[in-house]
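Undergrad: Provided herewith is a single structure, encoded as structure tokens, for subsequent inquiry.
The values are calculated or read from the model by the stated rules, or taken from the named source; none is laboratory data. Everything quoted here is computed from the prediction, not taken from an experiment. All Cβ positions, even for glycine, are placed from backbone atoms using ideal geometry, and neighbour counts span all protein chains on display.
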Amino acid sequence: MKKISCLFLLAALLSNSIFAQQKKTVNLAQQKMDTFINSLLSKMTVDEKIGQLNLVTGGEATTGATVSTDVEAKIAKGNVGGIFSMTTPEKIRRTQEIAMKSRLKIPLIFGQDVIHGYKTTFPIPLALAASWDLLLIEKTARVAAIEASADGLNWTFSPMVDIARDARWGRIAEGSGEDTYLGSQIAKVMVRGYQENDLSKNNTLMACVKHFALYGAAEAGRDYNTTDMSLDRMYNEYLPPYKAALDAGAGSIMVSFNDINGVPATANKWLLTDVLRKQWGFKGFVASDYTGVVELVNHGLGDLKTVSALSLKAGTDMDMVSEGYLLTLKQSLKEGKVTIVQINNACRLILEAKYKLGLFEDPFRYCSEERAKTEILTPANIQFAREAATKTFVLLKNDNQTLPLKRTGTIAVIGPLANTSTNMPGTWSVNADLAKAPTLLQGLTEVAGKDVKILHALGSNLIADANQQTWATAHGRDIPRDNRPEEEIIAEAVKTASKADVVVAALGEASEMSGESSSRTDIGIPETQKKLLAALLKTGKPVVLVLFAGRPMTLKWESENVPAILNVWFGGIEATRAIGDVLFGDVNPSGKLTVTFPQNIGQVPLYYSHKNTGRPLGDKPWFTRFQSNYLDVSNEPLYPFGFGLSYTTFDYSNFKLSSNTLKPGQKLIANVTLTNTGKVAGEEIVQLYTRDLVGTSTRPVKELKGFQKIKLQPGESKVVTFSLTEEDLKFFNSDLKFVAESGDFKVFVGPNVRDVKEADFKLVK
Ligand code: BGC
């Protein structure tokens, strides 16, 4: 006994001393950085300090009407702190060399929107989230960091962690969906994948979490629109993913475009100083979004000089593209509208980022022509992109085992998405070689093999209205138009379909129908494509709808009439080979929705984690007067959060809790037996939700608290175990205190948020 306690003591002493040693090293590193930055700051003129706050575009890709000009001359004068949208070691080296000739030789940072992969493009973030596979998602970020840093970059404008519950908002495609818990988990692993806890390595990128904050709650889903939100919702539902990303060590954060409760984020001192710095203790730097500072003029906060001073004072350190800081801050300093301390603070944070990236040691550390040749688009990365894509597809319907397809006979691949490569990588894939992604026709032909004959017809335009099609196929993501009358194009496709054994209808959105500035008020498949689908169904051939989508879509008619629907989102450069893998059953689909699919647009915003109201419909039939429901549609979604089918089936049984009470410091164990009851191996995403039944504030009807992805062979069973602690039950109460309140709780487990088994317990404090 004595021996054991001595051993414990020794171990404790040892770990204390290791901890003390680590702390000492961190402190020393911090001191070294402080000394360096202090000395540099003391040499800098006001102009040079303001120059560091200026972020300009390198001109390769822009996301606004304004483009930076005279960039090289400005760098030479020390008027630029960072560049984005410039790639390749050659160009970056040449540009960095200009900075190295400026008076103080302060290196530039080089950023880019590396959102879902770099040249090896992975599925769009909403799709990646549907994999519920944190290791996989982390690896996509890691691969992206390796490739992007091999091409000269050291900073990425990702992860995008905005909770989005309005399917009209096109940027829902860029995030992880509607759920706070899942979104926070994904935010963390993305940061880890990019930064690997060591920014000084030449194959990591500094993450820039965006868009702070609440950008996903833009009114009516119209991009850049106003947000007005209660503190309860903000703290409990929208802010946690940003915080999770910062806690994971993200080095920077990007401010959102939107107005928040009357003050646009870029000039919102409460948000950027009180919440971000004081409550959360964030130590990195804050960048505006593209022309976010000058847009404050349109928001109605004053002229460029006024809004620039407001932004700096609020806590926006770096001004992306507006050049409001460059043009006006010196004058504001003279007039006493900003202080030198404010300028110094912002400048210090940006210099620190450069220091942590190792740029003062070697400004060219990310400029390796050799790495650019050998580490980008490697066969292993491309193979991984294909695997990753297969994990993101969500099987929404599969009647009569229409899928998987047989590798014999004739398949007609029809629809405007069937023969386009440029649309496959998905929105925000600025670095993808668009022509390289195989079209669905090519991908399926390759995967199908020699015994399958593949036929093709366009079948319909993307959208009947030519103008709208042009807008929906921007940034080189074109889909050729056929100017014949709609009926003629459809008739031709019907003819082709009638020669086939099965029809694959490649329909839905083009990739630029989601993403930035791509909001829609009708989130269905465009009418002309629906007519085509109806005509294809009339042929009596089995039809598989391969749905391309960057958002939840309204598919009520399709869900009632089409035998099989595979939602493939936008799967990256290997999308179509991966679609082949799943359609032919080489891979069993396992993705599940992280956004609720509504029955119709009028239900939007529709999300599972809503409050109960005083008049919930509950189990009463729709329509029940004086209950919270609609006259014309039930409250149910078309496809609930967490939903997704497989080629096999899973059974949930023996759901049990270890106790019916939980006390602080204890763990409540929830066990459920999962059995693969079908004929093929498959992966199931088992989800655990809770409900806090009584609280000092109203609580959501369900909240995701855990999930596990389990692979089972046919007939195999496994006990899946979750554990809950008091910590998992905490929320921000009306005083914004993070607490768990004693009382009754429900816990649910199941394959999606709707089809759950439930049990009860009490939190006793
Ligand atoms: C977008 C950001 C992006 C930035 C730079 C803006 O329009 O909102 O997400 O990072 O452009 O490209």
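Undergrad: Sort through 698, 721 and tell me the only one that's among the polar types (S, T, N, Q) and out of contact with any strand residue (DSSP E or B) (no Cβ under 9 Å at 6 or more places or on another chain).
TA: Values: 721 fails: out of contact with any strand residue (DSSP E or B) (no Cβ under 9 Å at 6 or more places or on another chain).
After ruling out the rest, the residue left standing is 698.
Undergrad: Please verify whether residue 406 is of a type in the set (D, E, K, R) and at pLDDT 95 or above, treating the condition exactly as stated.
TA: yes
This table checks each residue for (1) surrounded by 17 or more Cβ atoms within 10 Å (Cβ to Cβ); (2) within 19 Å of residue 173 (Cα to Cα); (3) basic (Lys, Arg).
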position	(1), (2), (3)
204	yes, no, no
211	yes, yes, no
215	yes, yes, no
219	no, yes, no
236	yes, no, no
243	yes, no, yes
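Undergrad: Under 8 Å by Cβ, and 6 or more places apart or on different chains, what pairs join a residue from segment 154-165 that is among the aromatic types (Phe, Trp, Tyr) with one that is within 11 Å of the ligand (Cβ to nearest atom) and assigned to a loop (DSSP other than H, G, I, E, B)?
TA: Sorted first by the residue in segment 154-165, then by its partner, the pairs are 157/113; 157/114; 157/115.
Undergrad: Among the residues of segment 156-186, which ones are of a type in the set (A, V, I, L, M) and either within 21 Å of residue 514 (Cα to Cα) or modelled with pLDDT under 95 (or both)?
TA: 160, 161, 163, 164, 167, 172, 173, 186
Undergrad: Restricted to segment 196-219, and to residues that are within 20 Å of the chain's Cα centre (by Cα) and away from the ligand (no atom under 16 Å from the Cβ), which residue is nearest to residue 314 (Cα to Cα)?
TA: 219
Undergrad: Related question: Looking only at segment 410-423, decide whether some residue is within 18 Å of the chain's Cα centre (by Cα) and among the small types (Gly, Ala, Ser).
TA: Within segment 410-423 (the criterion being within 18 Å of the chain's Cα centre (by Cα) and among the small types (Gly, Ala, Ser)), the answer is no, since none of the residues qualifies.
Undergrad: With the checklist (1) within 25 Å of the chain's Cα centre (by Cα); (2) farther than 27 Å from residue 738 by Cβ in hand, flag the one item residue 324 doesn't pass.
TA: All conditions are met except number (1).
Undergrad: Give me the residue from segment 66-92 that is over 23 Å from residue 346 (Cα atoms), polar (S, T, N, Q) and at pLDDT 95 or above and, out of that set, farthest from the ligand (Cβ to nearest atom).
TA: Among residues in segment 66-92 that are over 23 Å from residue 346 (Cα atoms), polar (S, T, N, Q) and at pLDDT 95 or above, the one farthest from the ligand (Cβ to nearest atom) is 88.
Undergrad: Just for segment 143-157: of the residues that are out of contact with any helix residue (DSSP H, G or I) (no Cβ under 7 Å at 6 or more places or on another chain) and in a loop (DSSP other than H, G, I, E, B), which one is nearest to the ligand (Cβ to nearest atom)?
TA: 157
Every residue, every condition in (1) more than 19 Å from residue 113 (Cβ to Cβ); (2) modelled with pLDDT of 95 or more; (3) of a type in the set (A, V, I, L, M), yes or no:
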site: 201; (1), (2), (3): yes, yes, no
site: 216; (1), (2), (3): no, yes, no
site: 231; (1), (2), (3): yes, yes, yes
site: 258; (1), (2), (3): no, yes, no
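Undergrad: Now for a different question. Looking only at segment 27-49, decide whether some residue is modelled with pLDDT under 95, of a type in the set (A, V, I, L, M, F, W, C) and either buried (at least 21 other Cβ atoms within 10 Å of the Cβ) or assigned to a helix (DSSP H, G or I) (or both).
TA: Yes, because at least one residue in segment 27-49 is modelled with pLDDT under 95, of a type in the set (A, V, I, L, M, F, W, C) and either buried (at least 21 other Cβ atoms within 10 Å of the Cβ) or assigned to a helix (DSSP H, G or I) (or both).
Undergrad: So, in segment 320-331, how many residues would count as being assigned to a helix (DSSP H, G or I) and either touching a residue at least 60 places away in the same chain (Cβ under 8 Å) or more than 24 Å from residue 57 (Cβ to Cβ) (or both)?
TA: Of segment 320-331, the ones assigned to a helix (DSSP H, G or I) are 324-331.
Add one more test, that the residue is either touching a residue at least 60 places away in the same chain (Cβ under 8 Å) or more than 24 Å from residue 57 (Cβ to Cβ) (or both), and what stays is 325-326, 329-331.
Of the residues in segment 320-331, 5 are assigned to a helix (DSSP H, G or I) and either touching a residue at least 60 places away in the same chain (Cβ under 8 Å) or more than 24 Å from residue 57 (Cβ to Cβ) (or both).
Undergrad: Could you list all residues from segment 160-195 that are within 16 Å of the ligand (Cβ to nearest atom), within 13 Å of residue 214 (Cα to Cα) and among the charged types (D, E, K, R)?
TA: Within segment 160-195, 162, 171 meet the criteria.
Undergrad: Please go through segment 265-282 and give me each residue that is within 14 Å of residue 229 (Cβ to Cβ) and within 16 Å of the ligand (Cβ to nearest atom), ordered by number.
TA: Listed by number, the list holds a single entry, 265.
Undergrad: Only one of 317, 303 is under 21 Å from residue 51 (Cα atoms) and free of Cβ contacts under 8 Å to residues at least 24 places away in the same chain. Can you tell me which?
TA: From the options 317, 303, the qualifying one is 303.
Undergrad: Could you list, in sequence order, the residues of segment 592-615 that are touching a residue at least 40 places away in the same chain (Cβ under 8 Å) and farther than 27 Å from residue 565 by Cα?
TA: Of everything in segment 592-615, those that are touching a residue at least 40 places away in the same chain (Cβ under 8 Å) and farther than 27 Å from residue 565 by Cα turn out to be 610, 611, 612.
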